[in-house]
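Written out below as structure tokens is the structure these notes cover.
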Amino acid sequence: RTELALKEIMSSGGAEDDIPQAERKTVTDFCYLLDKSKQLFNGLRDLPQYGQKQWQSYFGRTFDVYTKLWKFQQQHRQVLDNRYGLKRWQIGEIASKIGQLYYHYYLRTSETSYLNEAFSFYSAIRQRSYYSQVNKEDRPELVVKKLRYYARFIVVCLLLNKMDVVKDLVKELSDEIEDYTHRFNTEDQVEWNLVLQEVAAFIEADPVMVLNDDNTIVITSNRLSETGAPLLEQGMIVGQLALADALIIGNCNNQVKFSELTIDMFRMLQALEREPMNLASQMNKPGMQESTEKPARRENPHKYLLYKPTFSQLYTFLAASFKELPANSVLLIYLSATGVFPAGRSDSEGPYDFGGVLTNSNRDIINGDAIHKRNQSYKEMHCLHPGDLYPFTRKPLFIIVDSSNSVAYKNFTNLFGQPLVCLLSPTAYPKALQDQSQRGSLFTLFLNNPLMAFLFVSGLSSMRRGLWEKCQDYLRKINRDIAQLLTHSRSIDQSFLQFFGDEFLRLLLTRFIFCSATMRMHKIFRETRNYPESYPQLPRDETVENPHLQKHILELASILDVRNVFLENTLDDY
């Protein structure tokens, strides 16, 4: 392939003999590196999606070749322009592939710093207008490359909370799509317009705006910062377990999504990450020759993001995580999915009798579905039942279920005596609360951004930055007090304390208790199904209904001037 390309290039550049040997070698070397890079990049698709070790050496080799290719075209640009006819969009393609490599490295490692690297390559493409000439060529496939670049850039910006850049990119992408469909009259117009609609809905998913004095929107980050989780204080006796792996599963019908991320998945993945730091200080070159180097600070837990998985896919990833879980580590399973309820009445109350949450059904299992419809005594196949998770309770397991049938997981049994906790969402929200389910679940919002969720249930839709920061400070104080309540409780199940040593799990547990206490005090949350639950149960009087915590919540409501939304003396109402 390279030889043929070379002959064509050389002959178009004049008589082959006129070309100096050194320049000919430059073009040969460039063609070799370009071929090799494409070959390696395409091979990435064949790597298994699960398992944390097999892919690293292959990724390293691919990075190395792209680093060489990038530097080579920089050093020999003049020769490649004259003799090879290198076009700017081809340079853009190389930069775009490097951006994709960094993004996939982030997906594989959960190290947020790689997102910054992806962003810098994608930004360079835009700043240097590498794709600007594409529209002049009569080749629709080149324009599609440009559109895909925009979509990928938007995903990275969303994950980095660069909302101002996202808005600019969406406007540019919209213009590009219009131009593309006008010029080529293609069939994929509907798909590209859907991409625009999805990202527009994603940007507007937050129910509350935080505003600067000049009315510009403040971008709030919900990743773990240095001051995020309440610190462990002297006398708090907690376990030494560390969160090492997480499965984040999204299978809600009608929920806002972009790419393969629902808004719930997007919020939860940020709750399991630290603020990104810039890798520039640790990397002496793009291209990750030092890909095995670890950032100095403690890593993020590894994550698998599963959008609408089938039962088989979910179980495969779960088994891979379980197998690779290091000693003294925790596996977290987050399920944001439509509830599946048992079809008929069952006399028994086993782990397959309460339904569970939906898994995606491949259309090819029609027979299975038909049998199910005929015989009510069979269990739902496309469902993750509590019993399906029993084998994995042989290791420490932390489960979060956000679903209309989350309570199915209340009927858990701890068979192996390992630490096990399930945090379960309300199964219904009050009718008086404006339906926000399309824009993400309220329960997950509490776990990701508790102040925003508190403002939403209090009927507020915007807030000044100064007041927001004051409330965030107060919320940190509430979190510290919740940590005290939990660790000093006499009757709490030990599983909670064994998980409390990990920063991420500590923050999720304190936010869960804040969420539960808030809903129990709220005037319109009056039914049991409006409240979160947990397995094992928390001692209410020492946690979610503790008078000291209730006083704090009323104080926070007073700062916001929404005290009338909450019951004053909740203890008398029970």
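The values are calculated or read from the model by the stated rules, or taken from the named source; none is laboratory data. The structure presented is a predicted model; accordingly, all values stated were derived computationally and were not measured. Cβ coordinates were reconstructed from backbone atoms using ideal geometry, including for glycine residues, and neighbour counts include every protein chain displayed. Keep in mind that these areas ignore ligands, DNA and RNA; they rest on the heavy atoms of the full protein, side chains included. Shrake-Rupley method; radii C 1.70, N 1.55, O 1.52, S 1.80 Å.
The set of residues in the stretch 170-193 that are modelled with pLDDT of 90 or more, aliphatic (A, V, I, L, M) and closer than 23 Å to R139 by Cβ comprises L173, I177.
On the stretch given as the stretch 359-379, residues that are modelled with pLDDT under 90 and open to solvent by less than 50 Å² (accessible area, probe 1.4 Å) total 5. Filtering S461, S441 for residues that are loosely packed, with under 15 Cβ neighbours inside 10 Å and either touching a strand residue (DSSP E or B) at 6+ places or on another chain (Cβ under 9 Å) or outside the structural domain of N530 (by the TED database) (or both) leaves a single hit, S461. Among all positions in the stretch 183-195, there is at least one residue which is assigned to a loop (DSSP other than H, G, I, E, B) and open to solvent by less than 40 Å² (accessible area, probe 1.4 Å). Just one of the listed residues (R126, R61) is closer than 23 Å to H302 by Cβ, open to solvent by 20 Å² or more (accessible area, probe 1.4 Å) and in a helix (DSSP H, G or I), and it is R61.
Residues of the stretch 423-450 that are modelled with pLDDT of 90 or more and over 20 Å from the mean Cα position of the chain (by Cα): P426, T427, A428, Y429, P430. Mind checking whether some residue in the stretch 393-411 is open to solvent by less than 20 Å² (accessible area, probe 1.4 Å), of a type in the set (D, E, K, R), under 24 Å from E503 (Cα atoms) and modelled with pLDDT of 85 or more? Looking for residues that are open to solvent by less than 20 Å² (accessible area, probe 1.4 Å), of a type in the set (D, E, K, R), under 24 Å from E503 (Cα atoms) and modelled with pLDDT of 85 or more, one finds at least one in the stretch 393-411, hence yes.
Flag: L507 does not match the condition of being in contact with a helix residue (DSSP H, G or I) (Cβ under 7 Å, 6 or more places away or on another chain), under 29 Å from N300 (Cα atoms) and not hydroxyl-bearing (S, T, Y).
Could you tell me whether any residue of the stretch 154-169 is more than 23 Å from the chain's Cα centre (by Cα), open to solvent by less than 40 Å² (accessible area, probe 1.4 Å) and not assigned by the TED database to the domain that holds M265? No, because not a single residue in the stretch 154-169 is more than 23 Å from the chain's Cα centre (by Cα), open to solvent by less than 40 Å² (accessible area, probe 1.4 Å) and not assigned by the TED database to the domain that holds M265.
Counting only residues that are farther than 21 Å from R139 by Cβ and either free of Cβ contacts under 8 Å to residues at least 12 places away in the same chain or open to solvent by less than 30 Å² (accessible area, probe 1.4 Å) (or both), how many does the stretch 80-92 have? Walk me through how you get there before you give the answer.
As a first pass, look at the stretch 80-92 and keep what is farther than 21 Å from R139 by Cβ: 82-83.
Cutting the leftovers down to either free of Cβ contacts under 8 Å to residues at least 12 places away in the same chain or open to solvent by less than 30 Å² (accessible area, probe 1.4 Å) (or both) gives us none.
Qualifying residue count for the region: 0.
When F499, F514, F566 are screened for being within 19 Å of F456 (Cβ to Cβ) and in contact with a Pro (Cβ under 8 Å, 6 or more places away or on another chain), only F514 passes.
Within the stretch 526-558, the set of residues being within 29 Å of the chain's Cα centre (by Cα) and either without any contact (Cβ under 8 Å) to a residue 60 or more places away in the chain or assigned to a loop (DSSP other than H, G, I, E, B) (or both) comprises Y531, P532, P536, Q537, L538, V544.
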